[in-house]
Amino acid sequence: MTIAVVLMLAGAAPSLAETTITITTNRVDCKVPPPDEVAPPATPNVSAGVQAAKNRKYALARANFAPLAAEGNAEAERAMGQLLMMDCTGLQDKDAAATWLTKAADAGDVMAAAQLGNAYMNGNGVAQDDNKAAPLLQRAANAGNMQAQMNLGYLYFNGRGVPMDKYQGGAWSVKAGEQGAPAALLNIANAYWKGGALPQDSRKALYYMFAALERSTGEQRARFASTTNEISRGMSAEDIRRASDRAKRWSPGPGSLSDVLDDAKDRQKEAARQASH
């Protein structure tokens with residue numbers, strides 16, 4: 001099974017035993033021998049390491065990252081941390097990955113803070129700790145990191161590491177949606193469909209569902225299809241066409257989902273009024 005290589009950036013790892021190791025991922029069990037060692041290049045370069053990782057030359061990637069990370073280069077620290085987090089490379093060492101990501105995050109690297117916050121939120125390479133995840137994700141979200149905005153929204157929706165605040169949760173999802181994040185648009189569609197944080201509105205739900213589909217990958221489209229079918233059940237062909245056509249015209253950008261925030265504020269005020277009676 002093909003596994004996409006996603007590298008976000010970080011430094012050096014301890015040497016691995018010369019044995020085959022088994023790495024379990026969500027999708028596949030990998031039996032991957034450690035790659036042959038590669039001498040550090042004369043001029044280590046993070047970009048060259050990233051390209052090597054994309055080409056599945058993981059030892060060469062590490063050889064580029066390690067010397068720079070050891071010197072305290074935050075980008076290389078992040079690259080090393082991300083490399084060591086990856087599955088099916090023969091290099092995976094999540095404890096070391098978390099250490100390198102922490103160094104990069106402490107140096108102010110936003111992407112490292114986002115990934116480290118995600119690691120704490122999910123207990124990936126570190127002990128699960130929402131109280132450590134929240135400030136890391138907040139920092140990265142404030143700097144505009146889309147995934148951090150999504151994860152911070154989730155924490156607020158569920159009161160994990162922060163006080164439960166569905167409006168704040170929705171607001172961070174909206175920020176991610178304004179960057180075109182399909183999963184954020186899906187969350188908005190579900191909120192309109194089910195009601196609660198947003199008013200129940202099947203037409204708006206379908207519109208945002210189509211907006212999510214317009215920006216989704218093939219794998220996401222397969223997952224989104226069933227929700228789209230459920231939302232559109234019982235709606236007229238004309239309503240479905242209008243929602244689809246409108247979604248095609250929507251473009252992400254600051255303020256592009258301001259109507260969602262307005263609806264959320266109205267729901268927040270209504271809930272406060274009801275609580276006061």
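Every number in this text was worked out from the coordinates using simple rules, so none of it is lab data. Only a predicted model underlies this, so the values are computations on that prediction, with no experimental measurement involved. Here the Cβ positions follow ideal geometry from the backbone for every residue, glycine too, while neighbour counts run over all protein chains shown.
Observations
- Neighbourhood charge, 14 Å Cβ-Cβ cut-off, centred on ALA140 and excluding it, Lys, Arg +1 and Asp, Glu -1: +2
- Only helical runs count toward this figure. For the chain, summing -39,500 (n - 2.57) over DSSP H runs of n ≥ 4 and dividing by all residues gives -19500 deg cm²/dmol at 222 nm.
- Net charge of neighbours whose Cβ lies under 15 Å from the Cβ of ARG267, counting Lys and Arg as +1 and Asp and Glu as -1: -1
- Cα gyration tensor shape of region 110-164, rounded if a/c is under 1.5, else prolate or oblate by comparing a/b with b/c: oblate
- About the centre of its Cα atoms, the chain shows a dipole size close to 860 debye [charges on the beta carbon of Lys, Arg (+1) and Asp, Glu (-1) only; nearest 20 debye].
- Cα-projected label distance for ALA42 with MET164, points at 7 Å along beta-carbon direction, nm: 6.3 nm
- Modelled this way, with points 7 Å down the Cα-to-C-beta line, the labels at ALA107 and ARG273 are 5.4 nm from one another.
- Principal-axis analysis of the Cα atoms of the chain puts helix 74-85 at an angle of about 90° to the longest axis.
- Sites listed here are GluC sites (Glu not before Pro) in region 24-91 whose DSSP assignment is loop and whose Cβ has at most 14 other Cβ atoms within 10 Å: GLU37, GLU71.
- By the beta-carbon count within 10 Å of each Cβ, the least crowded to most crowded order of ARG203, ARG249, ARG267, fewest first, is ARG249, ARG203, ARG267.
- Descending by average beta-carbon neighbour count within 10 Å, the peptides 136-149, 235-248 line up as 136-149, 235-248, the highest first.
- Modelled FRET efficiency - R0 35 Å, GLN128 with ILE240, Cβ distances, 0.05 increments: 0.25
- Check: region 81-174 dipole with +1 on Lys, Arg Cβ and -1 on Asp, Glu Cβ, in debye: 200 debye
- With 21 Å as the limit, the listed pairs LYS31/LYS57; LYS166/LYS204; LYS103/LYS132; LYS31/LYS132; LYS103/LYS175; LYS54/LYS94 have LYS31/LYS132; LYS103/LYS175 beyond it between alpha carbons.
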